[in-house]
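Here is the structure we will look at, set down as structure tokens.
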């Protein structure tokens, strides 16, 4: 391509091409967030014209079950993400020199929806489930327990393979060449891991973990299937608010979901900073 | 390799395969177990009550809705995301980071939050409880994944290949069919599979926007009627497994 053509492409072509994808995202996502903010300020039904207000937000601040939901969501999210990341790092390092079959096995849970994994967890680990029939009662309740162990377990089963596949793509031939160079310079196995491998995987692992955390923070189906009735997650709290009060509950639900959104974005900022510092 | 080590390795591989396959087998068996009381590890009576109840409760319609929405959202995402992925892949953008940030933003937001926010406008526009509304809602999360999966395929070398083919007189349609699509196949197959799967597994968005999809119909049965839940889960697991096999065959690598 000539220099002039490349310049013309940079100035005119890409903008139209990119806007074709960005416009639907900006319009749909923007209206969704604007809609959620407006709903959170909705005063609900009442006599006369009622102005928008912060009633739902004040209610959240006063409600101790919202605080429990916030803490439960954060705890299960961070625990599931950290365990998945550590397992994925270990698995990818163990599998990187293996053939296609182990990689295919690891990727098997990827297409399975979270809800289906949760159904499997209930059948195997629930009260009267197959594990209990085979080995007797489990020392901890994994389904419906207040600590959220079942929720964390389902996320780990789903997300550790996702992060493993992501890391296996990073641990490719180019990295192996860099390791060989380090080895010829006298670096031992642990030194190569510390100074060559870990810096290379830190960025992708941080971004992958962000996707995992963002999903776990806002997912509804896994806590509803294997989580306790109380405490709930933020999304579960929002759903219950709409079920208890079909009209007024919408504002509380929207406010609760916006808190989850804000937390997710904060985690995103932290992961981006981590990825950037790993690259530097 | 000594016999002992080989046997140990085979036992470990068998255990891994069993750990992956057993939960899926259990789903299918539970789905056709009309009677499976503890402490027995095997069902006492097989039957079709689970599937019959599931279809009586709208599994057929939900299956059709899930399939239609996943296919339509993926096709739409492919059409809208293709030019953007090309521009990003060929590094023709001044601010690619900003574009990726905007595209990735919906992935950081809970699907249920996006759905609840959209209902505000979908009610006014008459899109609530419609197939079109559900496709648009799913597009918010499907489009970023499709673009990100496609980006890797649009390399500068593909562009060079296309320019060479063009100088040989290929029409745009033949260029697309004979050069671009074959060269792009691994990224294209991955993008289609990923887009389909992201839509297929959506729960929060579908619940908020309306029209029952398979996950929405399934969830109420999970801790109430394991046979119906397992029957619905069996239906829900078939397309993702087919997608995995198709991806592995068409790209010679898993997802």
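No lab work stands behind these numbers, since they all come straight from the coordinates. Remember, it's a predicted structure, so these values are computed and weren't measured experimentally. With ideal geometry, Cβ positions are generated from the backbone for all residues, glycine too; neighbour counts draw on all protein chains shown.
Applying 0.36 nm per residue to the separation of residue B:163 and residue B:238 and subtracting their alpha-carbon distance, the gain on full extension is 22.9 nm.
When only alpha carbons are used to place a centre, region B:83-143 and region B:151-201 end up 23 Å from one another. Remark: C-alpha extents of region A:241-280 on the principal axes read 51, 11, 6 Å, sorted largest to smallest. Placing pseudo-labels 7 Å out from each Cα toward the beta carbon at residue A:266 and residue B:224 gives an inter-label distance of 3.6 nm. With Rh defined as the Kirkwood radius, the inverse of the mean 1/r over Cα pairs, the Rg/Rh of region A:75-228 is 1.07. Pairs of Cα atoms in region B:23-108 fall into 10 Å distance bins, from 0 up to the last occupied one, in shares of 14, 24, 19, 16, 16, 10, 1 percent. Annotation: average projected area of the protein assembly as shown is 30.6 square nanometres, based on the convex hull of Cα atoms across all directions. What is chain A by shape, rounded, prolate or oblate, if you read a ≥ b ≥ c off the alpha carbon gyration tensor as root eigenvalues and call it rounded for a/c under 1.5, prolate for a/b larger than b/c, and oblate otherwise? The shape class here is oblate. For region B:87-181, the Kirkwood hydrodynamic radius from C-alpha pairs, put into Stokes-Einstein at 25 °C and a viscosity of 0.890 mPa s, yields a diffusion coefficient of 152 µm² per second.
Two numbers describe the Cα atoms of chain B: Rg and Dmax, which are 22.5, 73 Å. If you average the C-alpha positions of region A:116-185 and of region A:204-280 separately, how far apart do those two centres end up, in angstrom? Each part's Cα centre sits 20 Å from the other's.
Take the Cβ atoms of residue B:129 and residue A:54, set R0 to 25 Å, and the FRET efficiency comes out at 0.20. Over the protein assembly as shown, dividing the summed -39,500 (n - 2.57) contributions of all DSSP H runs of at least 4 residues by the number of residues returns a 222 nm mean residue ellipticity of -24500 deg cm²/dmol. Taken along the Cα-to-beta-carbon direction at a fixed 7 Å, the label points for residue B:8 and residue A:87 span 2.4 nm. By the count of other C-beta atoms within 10 Å, a proxy for reagent exposure, A:116, B:128, A:83 are ordered fewest to most as A:83, B:128, A:116. A Gaussian network model of chain A, with springs between Cα atoms under 10 Å, assigns the largest mean-square fluctuation among A:113, A:139, A:64 to A:139.
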